[in-house]
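This report concerns only the one structure given below.
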Amino acid sequence: MPLPAGQQERRLSIRLAGDARAEWRQHWPTVIAAMAGVAMSTMNSYSVGVFIEPLQQAFGWSRAQISLGPALTAPVVILLASLMGVAIDRFGPRRIGIIGVTLLCVLNLLLSTVGPSIWSWWAVWALIAFGNLFIQPSVWTAAISGLFSAGRGFALAFALCGSGIGSIITPFLTYELIARFGWRLGFVGLASFWGIIAIPLVYFLFTSAKDRARKAPLVAATLEAPMTVPPPGASRRELLTSWRFIRLALAGTLIAAVVMSVVTNLMPVLTWYGLTRAQAAGVAPLLGITSIAGRLLVGFMLDRIHGTVLGALSVSLPIGASLLLLTSHGSIPVAACAVLILGLTLGAELDLVAYLTSRYFGLANFGLLFGTIGGLITLVGSLTPLGMNMVYDTTSSYAAALWFYLPVCLISAALFLSLGAYPKAHELD
């Protein structure tokens, strides 16, 4: 006799909760290592804004010239991000991740040698652009998506909380290093700090189903096979050009443009708003607190309700943060509220895109698909801070940029809502 629908749902919920706990007991070391890798990967995003004013004072470079350094990642990312995604699908995330954390540490040490020519700054950033390919979010999310199914949303959120941890530690650490030792040793100290943490964790703990397949092919195939069934008949090209993938990529890219431009320039934005550098350095770490809380909450909810609804709600939050900064001036409590609200979105947008990619398109080509979106996000994350600083150099204000971001958030929310139901074949993937 069939069970009532409500009882069936309760039994399914209990089974999935048990499966999630079993996944965590077996694979938690990979989540911790991925968190460290994610934290290190955000090192430049959360520190470059703190270095802007010292570099201006040291060499007379403009804010736009300094921002052009991080923007040089754009051509590398647009050309090679999808190729790196294919490499992740083929070789496994572990090898890529180990190369990435080591290379990024070394290249950030080189930033301490730049000047007085702006070309030296741009040259090192061109190398960092290449190194960033090996530490993209697709490296860490591919490993977790292949090891987790029932608890995938929360596992992805937990690992990507590394970004929040980075946003708490990096701005304050950078400010203190510069204040005590100068900007050159600031770069050395920052690279050394994250290298000491991330490199051992990634080397000893980070793995994936694909990496395990090289050691135990039958076991790994059993683990991964139920979760990697692609949509029937879909080639890589068909997946990349599908209307649903384009909408998902555009939704994630638009909200990333808003969030990353403000986050990268958070210290300058807060000082423009009317805070001192010391006050801004005290407020900025609040971004990480809500980033972590937002990520964990969204990850928990993703395993229970539909991701498109959460996506639309999350990407609408920066509207409130922008309005707070636009309609008042110099208030520490108001600035803190704006940073807290911004952190909720920073803690959710990448998790949502990673999760929705795995649910809509499966895992066989996850590295390619999420790597492509990650490349686009990195692209706009490099270019939009430059655009925001160009607005400032022209108008001596960030107001025009903040007003422009309001409709961008609404468009992103609408695109998330337009994605529709998950494909039936992947309802429990």
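Things worth noting here:
- Residues of the range 59-89 satisfying the condition of being surrounded by fewer than 24 Cβ atoms within 10 Å (Cβ to Cβ), over 18 Å from Gly381 (Cβ atoms) and either among the aromatic types (Phe, Trp, Tyr) or in contact (Cβ under 8 Å) with a residue 40 or more places away in the chain (or both): Phe59, Trp61, Ser62, Gln65, Val86, Ala87, Asp89
- Subset of the range 119-147 [farther than 21 Å from Ile98 by Cβ and touching a residue at least 12 places away in the same chain (Cβ under 8 Å)]: Trp121, Trp122, Val124, Trp125, Ala126
- One residue alone among Thr357, Thr345, Thr372, Thr395 is under 12 Å from Val259 (Cα atoms) and polar (S, T, N, Q), and that residue is Thr345.
- Any hit, the range 232-248, residues being under 17 Å from the mean Cα position of the chain (by Cα), hydrophobic (A, V, I, L, M, F, W, C) and part of a helix (DSSP H, G or I): yes
- Filter result for Leu350 (under 22 Å from Ser208 (Cβ atoms) and modelled with pLDDT of 85 or more): no
- Scanning the range 145-169 for residues that are of a type in the set (Val, Ile, Thr) and more than 15 Å from the chain's Cα centre (by Cα) turns up just one, Ile169.
- Selected residue (only one of Leu325, Leu270, Leu275, Leu296 is in contact (Cβ under 8 Å) with a residue 60 or more places away in the chain, buried (at least 17 other Cβ atoms within 10 Å of the Cβ) and outside any helix (DSSP H, G or I)): Leu275
- Residue-level check: of (1) over 17 Å from Met40 (Cβ atoms); (2) at pLDDT 90 or above, Val101 misses just (1).
- Odd one out for Ile144, checked against (1) closer than 27 Å to Arg304 by Cβ; (2) surrounded by fewer than 23 Cβ atoms within 10 Å (Cβ to Cβ): (2)
- Only one of the listed residues (Ala71, Ala64) is under 29 Å from Thr174 (Cα atoms), within 18 Å of the chain's Cα centre (by Cα) and modelled with pLDDT under 90. That residue is Ala71.
- Selection status of Ala348, crowded, with 23+ Cβ neighbours inside 10 Å and either among the aliphatic types (A, V, I, L, M) or touching a Lys or Arg at 6+ places or on another chain (Cβ under 7 Å) (or both): yes
- Which listed residue is within 19 Å of Val31 (Cα to Cα) and not acidic (Asp, Glu), from Ile66, Ile52, Ile118, Ile135: Ile135
- Selection count, the range 146-187, where residues are of a type in the set (Ser, Thr, Tyr) and closer than 15 Å to Gly37 by Cβ: 2
- Unique residue being touching a Lys or Arg at 6+ places or on another chain (Cβ under 9 Å) and closer than 16 Å to Ala336 by Cβ when the list is Thr276, Thr290, Thr271: Thr271
- Residues satisfying the criterion are present in the range 86-97 (criterion: closer than 16 Å to Ser41 by Cα, modelled with pLDDT of 90 or more and small (Gly, Ala, Ser)).
The values are calculated or read from the model by the stated rules, or taken from the named source; none is laboratory data. Since the model is a prediction, treat every value here as computed from it, not as a measurement. In this analysis, Cβ positions are derived from the backbone assuming ideal geometry, glycine residues included, and neighbour counts consider all displayed protein chains.
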